[in-house]
1. Per residue of A:5-11, what is the mean number of Cβ atoms on other protein chains within 10 angstrom of that residue's Cβ?
2. Using only the alpha-carbon atoms, how far is helix B:79-108 inclined from the longest principal axis of chain B? Give it as 0 to 90 degrees, nearest 10.
3. Once you average over the residues of A:27-33, how many Cβ atoms of partner chains fall within 10 Å of each Cβ?
4. Measuring from a point 7 Å out along Cα→Cβ, what nm distances, shortest first, does B:A6 have to its partners in the other copies?
5. Tell me, what is the 1.4 Å probe accessible area of A:K49, in Å² to the nearest 10?
6. Quick one: angle between helix B:3-14 and the longest Cα principal axis of chain B, in degrees between 0 and 90, rounded to 10, please.
7. When the helix-only estimate is applied to chain B (DSSP H runs of n ≥ 4, each -39,500 (n - 2.57), divided by the residue count), what is the mean residue ellipticity at 222 nm, nearest 500 deg cm²/dmol?
8. Taking a cut-off of 16 Å between Cα atoms, list the lysines near B:K49, but don't count ones fewer than 8 places away on the same chain.
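The values are calculated or read from the model by the stated rules, or taken from the named source; none is laboratory data. All figures in this text were calculated on a predicted structure; none of them were measured in a lab. Reconstructed Cβ throughout: ideal geometry from the backbone, glycine too, with neighbour counts over all protein chains shown. When the accessible area is computed, the model is the full protein with side chains, heavy atoms only, and any ligands, DNA or RNA have been set aside. Shrake-Rupley method; radii C 1.70, N 1.55, O 1.52, S 1.80 Å.
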2 protein chains.
Amino acid sequence: MDMESALSTRFAALADPTRRAILARLAEGEATVSELRKPFPISQPAISKHLRVLEQAGLIETGQDRQTRPRRLKAGALRDAAAWLGRIDALWSGRLDRLDEFLTRQTEE
Amino acid sequence: MDMESALSTRFAALADPTRRAILARLAEGEATVSELRKPFPISQPAISKHLRVLEQAGLIETGQDRQTRPRRLKAGALRDAAAWLGRIDALWSGRLDRLDEFLTRQTEE
DNA sequence: TGGCTATATAACCAACTAGATATCTGATTG
DNA sequence: CAATCAGATATCTAGTTGGTTATATAGCCA
C-alpha cells in the first residue's frame, strides 16, 4: 500500500467515533475485545469489525494470550497523519520552517 | 454540531486523496473551482461536491469575485484534528516512556 | 465429556459515497 | 441580443460502510 492510500485508510479509520473511543481507551493500555466492548451498545461482531479496520489502518496490533487476543496501540502510528496535517497548516500559515514546533505543540498539550 | 461529530466529519473529509490534494493546493493560496479542477481527471460536479464536503467540514471557505467563487483554507482548521491525534499519541508515548524508564531501571539495579 | 467464554466469520441490509451525465443560473463578452 | 464561461444542482448508479443475527472455532472448567 502506497503512502497516499495508507493515509486515506488511516484518516478513514479515524473518522468513526466508536473507533476513536477505542483508540483513546487503548492509549491507556492494552485491552481485550470484551473489555473494549463494554462502553458501547453495539454487538461483539461490530467491535471486531472496528478492530479489523483499525488494524488494517496500521493503528493497532493484536497479541495472543491463550484465550484472549489483547489489542494495543502501535507506537507512533498516528504521527504520519499528524505530520500531514502539520505540513498543510504550516504551509498555510507561512511557517514551513516551524513544522517541528507545530508537532511539538500537539504532543505537549 | 457537537465536537465529536465535527471531528468525525473532519477526519472523513481528510480520508479522500482528491480532497487532500485540494487542501494541499489551497495551502499555497486561494483558487477557483476551475483551477482546482485541472490536476484531476474527474468531472466539474465531482470537484464541486468535494468542495462542499470540505466546506461542511469547516476546512475551507468560499469567497465571491464577480464570476468566480474562490476557495481558501480556513485558518487553523486542521488544529483540532491534529490536537486529537497529539493527545492520543502523547498519552500512549507517555506510557511507553514510563515503560522504557521502568525497563532501564530494572536492568540498572 | 459437555458446557461456558472469547473471539472470528458469514450473510444480509440500509445508509452513505464518489463518480457520472444532464441541466440550470448568472456573469462576461462579441 | 446570443454565445460562452464559471459554477451549482438534480438524478442515477456501483461500491463501501456500520450495523445486525447466526454460526464457527478454540481454550477453559466441572
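1. 4
2. Tilt of helix B:79-108: around 20 degrees.
3. Partner Cβ neighbours, averaged per residue: 2.
4. From this label point to the equivalent ones elsewhere in the assembly: 3.1 nm.
5. Approximately 150 Å² of A:K49 is accessible to the 1.4 Å probe.
6. Approximately 70 degrees, to the nearest 10.
7. -20500 deg cm²/dmol
8. Answer for B:K49, where 16 Å is the Cα cut-off: B:K38, listed by chain and number.
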